[in-house]
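Trainee: I'd like to ask some things about the structure below.
The values are calculated or read from the model by the stated rules, or taken from the named source; none is laboratory data. A quick note: this is a predicted structure, and the numbers were derived from the prediction, not measured. Every residue, glycine as well, gets a Cβ built from its backbone with ideal geometry; the counts of neighbours run over all protein chains shown. Each accessible area value is taken on the protein alone, full model and side chains, heavy atoms only, with ligands, DNA and RNA left out. Shrake-Rupley method; radii C 1.70, N 1.55, O 1.52, S 1.80 Å.
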Amino acid sequence: MRVLIIGSLSGELGQAGRIAMVRGAKLDQADDAAGALMRLRADARIDLVLCDVLHDVAAVVRAIAAERIAVPVVACGTGDDPDAAVRAIRDGAREFLPLPPDPDLIAAILEAAAGETHALIARDPVMQAAVRRAELIAPSEASVLIGGESGTGKEVLARHIHRRSRRSGGVFVALNCAAIPEALLESELFGHEKGAFSGALARRVGKFEAADGGTLLLDEISEMDVRLQAKLLRAVQEREIDRVGGAGPVRVNVRILATTNRDLLAEVSRGAFREDLYFRLNVVSLRVPPLRERPGDIAALAEHFARRYAEVNGLPYRPVSRAALIRLTAHGWRGNVRELENTIHRAVLLADGAEIGPEAIELAPGAGAPEPPTAGGIAALVGRTMEDVERDLILHTLGHTIGNRTHAATILGISIRALRNKLRDYAAQGALVPPPGQAA
Ligand SMILES: Nc1ncnc2c1ncn2[C@@H]1O[C@H](COP(=O)(O)OP(=O)(O)OP(=O)(O)O)[C@@H](O)[C@H]1O
Ligand SMILES: [Mg+2]
């Protein structure tokens with residue numbers, strides 16, 4: 001995880017940076033927007049920008065967007081100004097981080113931005129079989145398509161493949177095709193030359209070149225539009241890419257892993273995904289089973305998350321009690337491992353005895369056995385607009401997922417992109433949108 005800080009490292013922002021470093025992030029610093037853009041052009045692996053509100057956050061966000069660089073900007077400022085957060089979000093920042101920095105909040109922001117943790121737990125024989133298959137094909141150069149429901153651990157498995165591959169000494173670069181606006185995706189993948197479009201002030205290296213010698217994970221590949229799929233096919237087939245506005249092809253040495261939570265073959269038959277690309281990517285296919293098909297993993301995962309979130313929050317480690325485990329095992333886990341992770345995170349914060357008891361396990365309604373809607377519930381909505389009710393439903397769901405966008409989108413049955421767009425609108429209207437990974 002690489003974090004670029006815009007501002008001075010001597011004050012509270014520097015303190016935030018040091019906390020991020022303790023959490024394993026690599027730091028980079030720029031004194032102003034111009035310096036930051038130079039760093040971003042040079043290093044496509046920067047995952048997150050922390051920008052002091054003393055700088056013009058709106059201008060930074062605009063400049064980054066104009067160069068089609070897809071990186072979230074988190075605005076940082078003193079927490080005593082109640083309007084600062086709203087202003088920052090209006091200026092296009094993804095989040096507002098109040099200073100002095102709260103280590104938990106930084107951990108949550110880093111985690112949300114990176115979407116990554118590395119441990120792979122597999123105790124259930126069903127999951128162990130999936131991992132064995134992944135390990136068998138890991139040392140080859142074959143492209144791999146990883147399927148599975150949202151939150152099952154597709155990215156975790158992709159990283160595992162990279163670690164077990166001959167490229168493990170090289171970099172692992174991930175790109176979420178759903179999280180990046182269509183217009184930016186091509187330049188994000190292949191980079192661009194100076195002058196390629198009106199905001200392209202300098203050459204920028206894309207993820208393909210950044211991943212040279214290593215592994216490139218294309219997350220949620222089904223979200224890529226057909227036009228770009230043609231260019232991706234060429235890159236996969238010829239091992240050559242064209243920078244946007246570039247004069248000639250650039251050779252790249254990259255192994256491709258791709259994930260999808262849709263049935264890609266069905267996408268092929270309805271014409272939304274190129275068949276030739278499908279067969280190129282799907283040299284080997286892996287499926288991460290949903291959590292309900294591997295109940296034997298629940299206890300081990302719960303234990304793992306109990307340790308991890310105790311550590312992250314500076315709390316004493318409490319084991320998961322038997323009674324709590326019984327509740328966990330009976331649940332439906334529509335949000336899979338991610339939902340279990342959020343549930344345990346909450347439980348770690350709520351528990352206060354020697355163990356995590358059943359009372360600390362708050363299961364997200366709607367994610368297990370759905371409660372039937374009551375007539376009163378619907379009747380109470382009469383008189384309100386669809387838009388209004390939709391906003392409330394989205395914000396409430398986000399509260400239940402502790403701000404986790406992917407999980408909320410799954411529960412709501414909409415794409416992450418659609419969710420993000422709506423949240424941006426709500427924030428612009430002045431609504432309080434829970435930041436990623438933070439309890440509402
Ligand atoms: N086997 C596992 N061991 C430990 N942690 C796991 C495991 N599987 C998933 N996780 C954790 O669960 C969360 C979701 O995993 P991941 O992001 O890999 O899922 P995903 O299938 O890529 O989800 P999405 O479809 O939403 O992108 C992450 O925080 C990850 O660390
Ligand atoms: Mg993923």
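Trainee: Can you name the number of the only condition in (1) more than 26 Å from E149 (Cβ to Cβ); (2) open to solvent by less than 10 Å² (accessible area, probe 1.4 Å); (3) within 24 Å of the chain's Cα centre (by Cα) that V205 fails?
Mentor: Single failed check for V205: (2).
Trainee: Please determine, by comparing only the residues of the stretch 176-198 that are acidic (D, E) and out of contact with any His (no Cβ under 9 Å at 6 or more places or on another chain), which one is least open to solvent (accessible area, probe 1.4 Å).
Mentor: It comes out as E188.
Trainee: In the stretch 295-342, how many residues are open to solvent by less than 50 Å² (accessible area, probe 1.4 Å), assigned to a helix (DSSP H, G or I) and among the β-branched types (V, I, T)?
Mentor: Of the residues in that region, 3 qualify.
Trainee: Further question: If the requirement is being assigned to a loop (DSSP other than H, G, I, E, B), surrounded by 22 or more Cβ atoms within 10 Å (Cβ to Cβ) and at pLDDT below 90, which of these qualifies: A93, A119?
Mentor: A93
Trainee: If we scan the stretch 82-94, do we find a residue that is free of Cβ contacts under 8 Å to residues at least 12 places away in the same chain and of a type outside the set (D, E, K, R)?
Mentor: yes
Trainee: Could you tell me whether A158 is small (G, A, S), open to solvent by less than 20 Å² (accessible area, probe 1.4 Å) and within 16 Å of ligand 2 (Cβ to nearest atom)?
Mentor: yes
Trainee: A follow-up question, please. Any idea which residue in the stretch 249-284 is surrounded by the fewest Cβ atoms within 10 Å (Cβ to Cβ), counting only those that are over 26 Å from the mean Cα position of the chain (by Cα) and more than 11 Å from Q229 (Cβ to Cβ)?
Mentor: R270
Trainee: For the stretch 16-27, check the following and say yes or no: at least one residue is part of a strand (DSSP E or B) and open to solvent by 50 Å² or more (accessible area, probe 1.4 Å).
Mentor: Yes, some residue in the stretch 16-27 is part of a strand (DSSP E or B) and open to solvent by 50 Å² or more (accessible area, probe 1.4 Å).
Trainee: Based on what the data block shows, is A36 under 24 Å from D104 (Cβ atoms), in contact with a strand residue (DSSP E or B) (Cβ under 8 Å, 6 or more places away or on another chain) and open to solvent by less than 20 Å² (accessible area, probe 1.4 Å)?
Mentor: Answer is no for this residue.
Trainee: Considering A142, A129, A108, A113, which residue is outside any loop (DSSP other than H, G, I, E, B) and at pLDDT 85 or above?
Mentor: After ruling out the rest, the residue left standing is A129.
Trainee: Further, regarding this structure: Check whether at least one residue in the stretch 263-277 is free of Cβ contacts under 8 Å to residues at least 40 places away in the same chain and in contact with a Lys or Arg (Cβ under 8 Å, 6 or more places away or on another chain), and report yes or no.
Mentor: Within the stretch 263-277 (the criterion being free of Cβ contacts under 8 Å to residues at least 40 places away in the same chain and in contact with a Lys or Arg (Cβ under 8 Å, 6 or more places away or on another chain)), the answer is yes, since at least one residue qualifies.
Trainee: Let me ask something else. Taking the conditions exactly as written (within 16 Å of ligand 2 (Cβ to nearest atom), out of contact with any strand residue (DSSP E or B) (no Cβ under 9 Å at 6 or more places or on another chain) and either within 23 Å of M224 (Cα to Cα) or open to solvent by less than 20 Å² (accessible area, probe 1.4 Å) (or both)), does V173 satisfy them or not?
Mentor: no
Trainee: Can I ask one more? For the stretch 425-437, what are the residues that are touching a residue at least 40 places away in the same chain (Cβ under 8 Å) and surrounded by 15 or more Cβ atoms within 10 Å (Cβ to Cβ)?
Mentor: Within the stretch 425-437, A427, A431, V433, P435, P436, G437 qualify.
Trainee: A408 is checked against (1) assigned to a loop (DSSP other than H, G, I, E, B); (2) at pLDDT 85 or above; (3) within 27 Å of the chain's Cα centre (by Cα); (4) within 30 Å of I326 (Cβ to Cβ) and fails just one. What number does that condition carry?
Mentor: (1)
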